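I have placed the structure first, in the form of structure tokens, so that the comments after it can refer back to it.
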Amino acid sequence: MASRRLLRAASAGDIDAVDALIREGADPGFQDRKGTTPLMLACEHGHVDVVRSLLAAGAPWNELDNEGHCAGEYASAGGHAELTDALIDHAVSAEMVLGAVSRARPREADLTYLSQPVRYDGDDKLLDTENDAVMMDWEAPLMRIHAQVMCAGKGDTLNVGFGMGIIDGYVVNENETRSHTIIEAHPDVHAHMLRRGWDAKRGVRVEFGRWQEVLDRIIRENESLPDGEKRLFDGVNFDTYGEDYDDLREFHALLPKIMRPGGVYTYFNGLAPDNIFFHTVYCRLAQAELASLGFDTKFDVVDIDTRDPEIWRGVKRRYWWGDKYFLPTCTLTGAAGSE
Ligand SMILES: C[S@@+](CC[C@H](N)C(=O)[O-])C[C@H]1O[C@@H](n2cnc3c(N)ncnc32)[C@H](O)[C@@H]1O
């Protein structure tokens, strides 16, 4: 069968056979019993021209074998760093095209998480109905530096997603700001905020609703206000739950409309945290898309340690395995209101 022969040719680096088999109709995304693809084998053995041919023929860069490994991991395990970089470049370009396509289509909001109750479990966890963690206090050191990043300009700050209010606590107690707005959509979290008096704190404004609706309103109201009175922010943090990269991308597209030039944006960088290759692709993708919106993005490496099993007691799924966190600092260098 042509697809099996393609596997062998890709592994051997026989570019002529690979090209001929693809022309004959062999499936470039074929997977054997172990889930291995021709792209994985070409990556493992460092056959650059075969990798290029397979990608051009539509081989998926993000397929996983039965053990959960992708082609990028085969390349780095084989010691082919340049190939890993080339795969990352390919993945970012492919995802940017897909992003442009998805932006053109209307998306339906997934309200599953927001329509079910959440509960605070002691002082260290916020859990959903499945006992999946919405927020945990091991993230506090990360929240502290996110707060420092968003408050660097000592101006008007916006945090999207209250959760346990850890970052908002750091903003209010350890940083100087002109004002601090918090957008929160979950009714149980909002009720908790009111019980804790967040709506009455000096300089704090609580906006109850999904950021999609709250920001839409702020942007519309701004349109009829003179420049000096528009509600714009100098520091923004984004950390929601139950949303995906398409939501983050949608949020990013709104930033130039709600931020002042020179303002700083940061987001909880937790996309695909258990696969360093996918995580890198997401970092680079966000960086490229933010660049097209006028942002200059850098990532600072922060050490974290989540090995203590006690941290995860009572939580259905451990969601963080690595010992490094890539803290994004995104500075708006383009003009506010630009696309
Ligand atoms: C991970 S927690 C935020 C944790 C927070 N950074 C802290 O320091 O505690 C995510 C929060 O985002 C809220 N959220 C989810 N979707 C939202 C949306 N579309 N708009 C606003 N808030 C949302 C959740 O209800 C939850 O409170």
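The values are calculated or read from the model by the stated rules, or taken from the named source; none is laboratory data. This structure is a prediction, so every number in the text was calculated from the model and none was measured. With ideal geometry, Cβ positions are generated from the backbone for all residues, glycine too; neighbour counts draw on all protein chains shown. Surface accessibility is based on the protein's heavy atoms, side chains included, excluding ligands, DNA and RNA. Shrake-Rupley method; radii C 1.70, N 1.55, O 1.52, S 1.80 Å.
Overview of results
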| quantity | calculated |
| --- | --- |
| Solvent exposure, largest accessible area first (probe 1.4 Å, DNA, RNA and ligands not counted), of 194, 271, 127 | 194, 271, 127 |
| Length-normalised contact order for the chain - Cα pairs under 8 Å, 6+ apart - percent | 13 percent |
| Contour excess over end-to-end distance, with Cα ends at residue 52 and residue 253 and 0.36 nm allotted per residue | 69.2 nm |
| Förster radius 45 Å - calculated FRET efficiency between residue 260 and residue 315, Cβ distance, rounded to 0.05 | 0.70 |
| nm² value of the averaged projected area, convex hull over the Cα atoms of the chain | 19.1 nm² |
| Efficiency of FRET from Cβ geometry, residue 292 and residue 16, R₀ 45 Å, rounded to 0.05 | 0.70 |
| Extension gain (nm, one decimal) between residue 176 and residue 154, 0.36 nm per residue minus Cα-Cα | 7.4 nm |
| Amide H partners (placed H, <5 Å) of residue 63, local residues excluded | 71 |
| Lysine pairs in the chain with Cα atoms under 25 Å, if 8 or more residues apart or on separate chains | 12 |
| Heavy-atom SASA rank of 73, 108, 223 (probe 1.4 Å, accessible area, largest first) | 108, 223, 73 |
| Neighbour-limited loop hits for trypsin sites (Lys or Arg not before Pro), region 70-130 (at most 14 other Cβ within 10 Å; DSSP other than H, G, I, E, B) | 107 |
| Nearest-0.05 FRET efficiency for residue 229 and residue 201, computed from C-beta distance (R0 25 Å) | 0.60 |
| In Å², nearest 10: area of residue 264 left accessible to a 1.4 Å probe | 20 Å² |
| Where 82, 139 fall by accessible area, highest first, once all protein chains stay in place (1.4 Å) | 82, 139 |
| Tilt relative to the chain, helix 211-223 - C-alpha long axis, 0 to 90 degrees, to 10 | 60 degrees |
| Per principal axis, descending, Cα span of region 2-104 in whole Å | 38, 31, 25 |
| Gaussian network model of the chain, springs between alpha carbon atoms under 10 Å - residue of 294, 46, 242 with greatest fluctuation | 242 |
| Cα centroid separation, region 18-82 to region 261-295 (Å) | 26 Å |
| Region 260-270 - phi-based ³J(HN,Hα) in whole Hz, Karplus 6.51/-1.76/1.60, Gly and Pro as x | 7, x, x, x, 10, 10, 9, 9, 5, 8, x |
| Point-to-point label distance, residue 326-residue 308, nm (Cα→Cβ direction, 7 Å offset) | 2.8 nm |
| Paramagnetic reach from residue 112 in region 164-202 [backbone N under 20 Å; point 7 Å along Cα→Cβ] | 185-189 |
| For region 190-255 and region 143-174, distance of Cα centres in Å | 13 Å |
| Helix axis angle, 276-291 relative to the chain longest principal axis, alpha carbon, degrees | 60 degrees |
| Gain in span if fully extended, residue 119 to residue 103, counting 0.36 nm per residue against the direct Cα distance | 2.4 nm |
| Vicinal HN-Hα couplings computed from phi for region 76-81 (Karplus, 6.51 cos²θ - 1.76 cosθ + 1.60; Hz; Gly/Pro x) | 6, 5, x, x, 9, 4 |
